[in-house]
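FYI, it's all coordinate maths here, none of it is from the lab. On a predicted model such as this, the values are computed, not experimentally measured, just so you know. Neighbour counts are summed over all protein chains in view; Cβ atoms, including those assigned to glycine, are modelled from backbone coordinates with ideal geometry.
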Amino acid sequence: MTRLIEIPIEKMTEPQRKLHEKIASGPRGGVRGPFLAWLKSPAYLEKLEETGRYLRYDTLFEPRLSEFAILITARYWGSQYEWYAHEPLARKGGLSPEVIKAVQENRRPADMAADEEAIYDFCVALHGDHFVSDEVYQNAFEHFGERGLVELIGLIGHYTTVSMTLNAFELQVPEGEEPPLK
């Protein structure tokens, strides 16, 4: 059960209503998950929404790779809702079901493409060790360059914020859905 008290639209402030309308009418198709919490701070949400939109839709990463990084982050944080929301997007983006299943089970996937391996190793090292080795850095750099590394760090940093928000407010998968992470 969520800890969050949802704000009815008719009780929202003008900035909250404008942001709600912007998010609901955009590519996300609705206001749910962390946005329900972030609406409590419209100025913060305004900046997060812009950053999140860039990281989700405009980085150099194709959806297969950006969604892979998001799933790794969701798994690291044990964020049920984040996994629930992004696993279908990862499949649609072309990430193999076998890779998805391995991450879901907290295992290193076998048979990853070289760019997937670079994403996996970089994300797991940064989340788990808070550093990346020279070898992991160099491999990711060779695949994505400095811009890609900046955007990858931004992506997993943003989705760490998403996961922490979801976990702190206990925003879970919709009622009747099975939590995907054990």
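Counting other Cβ atoms within 10 Å as a rough exposure proxy, the listed residues LEU60, LEU171, LEU149 run LEU60, LEU149, LEU171 from fewest neighbours to most. Across all directions, the average flat footprint of the convex hull enclosing the Cα atoms of region 26-153 is 8.0 nm². For SER41 and HIS130, a Förster radius of 41 Å and the Cβ-Cβ distance give a FRET efficiency of 0.90, rounded to the nearest 0.05. Among PHE144, TYR120, THR2, which residue has its Cα furthest toward the positive end of the charge dipole of the chain, with +1 on Lys/Arg Cβ and -1 on Asp/Glu Cβ? With unit charges placed on the Cβ atoms, the residue in question is THR2.
Here LYS182 is the anchor, and the aspartates and glutamates within straight C-alpha reach of less than 19 Å, apart from those fewer than 8 places off in the same chain, are GLU82, GLU87, GLU98, GLU105, GLU170.
With R₀ fixed at 41 Å, the C-beta to C-beta distance from LYS182 to ALA114 puts the FRET efficiency at about 0.90. Applying both filters, DSSP loop and at most 11 other Cβ atoms within 10 Å, to the chymotrypsin sites (Phe, Trp or Tyr not before Pro) of region 110-182 gives PHE131. For region 9-57, what class follows from the C-alpha gyration tensor (a ≥ b ≥ c being the square roots of its eigenvalues): rounded when a/c is under 1.5, otherwise prolate if a/b is larger than b/c, else oblate? Here region 9-57 falls in the prolate category.
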